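Have a look at the structure below, then the notes.
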Amino acid sequence: MKKIALFFIKWILIFFTGSILIFAVVRLMPTSPVDHYLTGMSLPLTDENREIVTRSMGLDQPLLKQYTTWITGFLKGDWGKSLTSRLDIRTEFMAKMPYSFGIGLGGILLGAFFAYFLGFGAALHRNGFCDRFSSALSVFTQAVPGFIVAILIIYFFGVKLKAVKFFTGDGKFSVFTVIVIMAFYRIGPWARVVRNAFREEMNKSYVRFSISRGIPKIKVLFFHAYKPVLCCLVSAVMSDFAVVFGASSVLEFAFTIPGLSYFLVRCMQHSDYNVIQSYILVVIVWMFFVHLVLNVILEVLDVRRRK
């Protein structure tokens, strides 16, 4: 019970500390949303116009009042309006979140699935095909940026072969392609985690004893040594859940997918305080639920945690 209470207290502190920090940091941006708004409306940047727009945006109020109004509204479900587009932020987020959420979560789950079996094969045969392939894939994905792969896919399949219409179709193939790219960039590193975890389990007495009794090594590892390995994989995957909404920003731009990351980058260009603040808090809330669910999974998988 104490552990659960500490978990919730920790995330409450993270939430409010993060909200204060992001509220302060966004106001240190070199340009203000007032100037961007006036420029977008083709209005002169006069002191009078700045004063009118600043008042209409509520930026003339004391910072403490601005923060209190914003955080109170966020907790009630009212995330405010975009300072530049004047559209409801929550409505915009809910319309765009399925794209980024589907891409990020799909890429992570697909990557974890293939990483597990590739790492399993690499552990069975040291210096075999799976071992060498996972190592090469890990190095490749760290050396070559994802947007390079995206450009090559667009060029060969969309321009050269004309097999896919990335920008004139319904967008489903673009979303699928981004999911595959994101999974591809996670398979290599996670496969190495799985491989090392299986190799460690192979040196333990219960595995060696089972193999000595004539039980095939593949059967022992797959049916009896998987829990500690899954714990390692879940721990590795946990940190990547933080970038479910943000990791696809470059790919969303490359394939013109109207996701949350694409929307955020546009708002950052206009110094839209309200959108940036809400985005960070959404990520914090998302990570709270991710850690809650994955910690439960770790408790179920790891018997030692329950002793």
Discussion item. Can you give me the accessible area per residue for the stretch 1-96, using a 1.4 Å probe, in Å²?
Written reply: 66
Response to the item:
Computed over the stretch 122-259, protein heavy atoms only, probe 1.4 angstrom, the accessible area per residue in square angstrom equals 55
Worksheet item: Helix 172-202 sits at what angle to the longest principal axis of the chain, using alpha carbons and giving 0 to 90 degrees rounded to 10?
Response: 40
Discussion item. Given a 1.4 Å probe and heavy atoms of the protein chains only, how would you sort 57, 29, largest accessible area at the top?
Written reply: 29, 57
Worksheet item: To the nearest 10 degrees, how steeply does helix 226-240 sit against the main Cα axis of the chain, on a 0 to 90 scale?
Response: 20
Worksheet item: So what does the Cα-only Debye profile of the stretch 130-197 read at q = 0.12, 0.27 Å⁻¹, as log10 I(q)/I(0), no solvent term?
Response: -0.39, -1.11
Worksheet item: On the accessible surface of the chain, probed at 1.4 Å, how many percent belong to carbon and sulfur atoms?
Response: 68
Discussion item. Please enumerate, by chain and number, the lysines with C-alpha under 16 Å from the C-alpha of residue 162, excluding those fewer than 8 residues away in the same chain.
Written reply: none
Worksheet item: Going down the table (81/172; 10/204; 96/165; 10/96; 3/227), which pairs top 32 Å between alpha carbons?
Response: 10/204
Worksheet item: For residue 70, what accessible area in Å² do you get when you roll a 1.4 Å probe over the heavy atoms of the protein chains, rounding to the nearest 10?
Response: 20
Item to complete: Quickly estimate the mean residue ellipticity at 222 nm for the chain, helices only: each DSSP H run with n ≥ 4 gives -39500 (n - 2.57), and the total goes over all residues, rounded to 500.
Response: -24000 deg cm²/dmol
Item to complete: Compare the Cα positions of 53, 82, 118 along the charge dipole of the chain (+1 at Cβ of Lys, Arg; -1 at Cβ of Asp, Glu; about the Cα centre) and return the one farthest towards the positive end.
Response: 118
Practice prompt. Could you tell me the distance between the Cα centroids of the stretch 195-242 and the stretch 133-174, to the nearest Å?
Written response: 33
Item to complete: Provide the packing ranking of 204-211, 259-266, i.e. peptides ordered by the mean count of other C-beta atoms within 10 Å per residue, highest first.
Response: 259-266, 204-211
Fill in: lysines whose Cα lies under 17 Å from that of residue 160, excluding same-chain neighbours fewer than 8 positions away
none
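The values are calculated or read from the model by the stated rules, or taken from the named source; none is laboratory data. If you're wondering where the values come from, they're calculated on a predicted model, not measured in any experiment. Please note: Cβ atoms are built from the backbone with ideal geometry, for glycine as well, and neighbour counts cover all protein chains shown. What goes into the accessible areas is simple: the full protein's heavy atoms, side chains included, and nothing from ligands, DNA or RNA. Shrake-Rupley method; radii C 1.70, N 1.55, O 1.52, S 1.80 Å.
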